[in-house]
Structures are given as C-alpha cells and as structure tokens.
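The values are calculated or read from the model by the stated rules, or taken from the named source; none is laboratory data. Please read all numbers here as calculations on a predicted model, not as lab measurements. Because the Cβ atoms are built from the backbone with ideal geometry, glycine has one as well, and the counts that use them run over all protein chains shown.
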Amino acid sequence: MKTIGYLEGTDALFLTNLVAKGYETLPLGNGVDNHGKYIGLLSKSDNISLVIGYLHKVTPLSGMNLTAKDILYSCKMHEIPVILIVPEAEYENARKILGDVANDIDLSDPKDLLDKVLTLLG
C-alpha cells in the first residue's frame, strides 16, 4: 500500500478520495506549523510514495535562515516526489519562489491534482 504525506491545509475531500482508492495518508509538518511528522525527518522507513502540499507551506518567512530546498531536503535525498498545489496561472511565479528546488518539484492546479497524483502513483 502506498502512503502519501501531506502538508497542513491539503483538501480533506481530496485526501478522502485517496483513502477510498486504497492509499494511506500521513500528516506532515514544515517545522513551524506543528502539523504531523516534521518533513525534514522523513526517512526510507516511512515508506512515503509522494508528498503533497500548498506552495506557502514550503516557503519560509523572510528573515528565516531556511529555503524551500532546506524544507524539502529529505524528500530529495530519499527520492520522494513532491507535488505543490499552485493555481496554473501562478506556475512561473512559483518556480521563481522555489529557486534551486523548482526542477525537483511538480506543480499542480487544484482542479488537476487528483488525476495528476493517481497518474504519478500508477
């Protein structure tokens, strides 16, 4: 069974659809919101197949000595795919905000998210 890690704010109906289709879900935190397991501590033993969340959950406040790359480091290290939810009209801005890590992340408009996730998970 595949497990999807999700950051706070991910739509409950979307997550319910995944569970109904046989997937498990695990809440993840960004280190500031205290929601679920801290994403920076993910390891192979967590058996996460995919991480999903909104762009703002991986965008630190200015003045913090963190970047999106820092927050998502464990995903890259363990080759866990990441999909960030962003309106399609904002993809270009999102890529600028993400900087170095933009090439390692898939973006999805909310309306396309379920199809994109199911395709990625096969």
Flagged pairs (Cβ under 6 angstrom, 6 or more apart or on separate chains; first in segment 100-117, under 18 Å from LYS21 (Cα atoms); second of a type in the set (Gly, Ala, Ser) and modelled with pLDDT of 95 or more) are LYS116/SER108
Any idea which residue in segment 20-72 is modelled with the highest pLDDT, counting only those that are farther than 18 Å from VAL117 by Cα and of a type in the set (Asp, Glu)?
ASP46
Would you be able to say whether some residue in segment 2-11 is surrounded by fewer than 18 Cβ atoms within 10 Å (Cβ to Cβ), within 14 Å of VAL117 (Cα to Cα), free of Cβ contacts under 8 Å to residues at least 60 places away in the same chain and of a type in the set (Ser, Thr, Tyr)?
yes
Just one of ILE85, ILE48 is closer than 25 Å to ALA12 by Cβ, in contact (Cβ under 8 Å) with a residue 40 or more places away in the chain, surrounded by 16 or more Cβ atoms within 10 Å (Cβ to Cβ) and touching a Pro at 6+ places or on another chain (Cβ under 8 Å); which is it?
ILE85
Taking segment 54-82 and keeping residues surrounded by 13 or more Cβ atoms within 10 Å (Cβ to Cβ) and either at positive phi or in a helix (DSSP H, G or I) (or both) leaves LEU55, HIS56, LYS57, VAL58, ALA68, LYS69, ASP70, ILE71, TYR73, SER74, CYS75, LYS76
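Residues are listed down the side, and each one gets a yes or a no for (1) touching an Asp or Glu at 6+ places or on another chain (Cβ under 9 Å); (2) closer than 15 Å to ILE105 by Cβ; (3) of a type outside the set (D, E, K, R):
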position: MET1; (1), (2), (3): yes, no, yes
position: GLY5; (1), (2), (3): yes, yes, yes
position: ASP46; (1), (2), (3): no, no, no
position: THR59; (1), (2), (3): no, yes, yes
position: ASN65; (1), (2), (3): no, no, yes
position: LEU72; (1), (2), (3): yes, yes, yes
position: LYS76; (1), (2), (3): yes, yes, no
position: GLU79; (1), (2), (3): no, yes, no
What number of residues within segment 98-119 satisfy the criterion of being loosely packed, with under 15 Cβ neighbours inside 10 Å, part of a helix (DSSP H, G or I) and of a type outside the set (Gly, Ala, Ser)?
8
Restricted to segment 22-45 and to residues being assigned to a strand (DSSP E or B) and in contact (Cβ under 8 Å) with a residue 12 or more places away in the chain, the residue surrounded by the most Cβ atoms within 10 Å (Cβ to Cβ) is LEU28
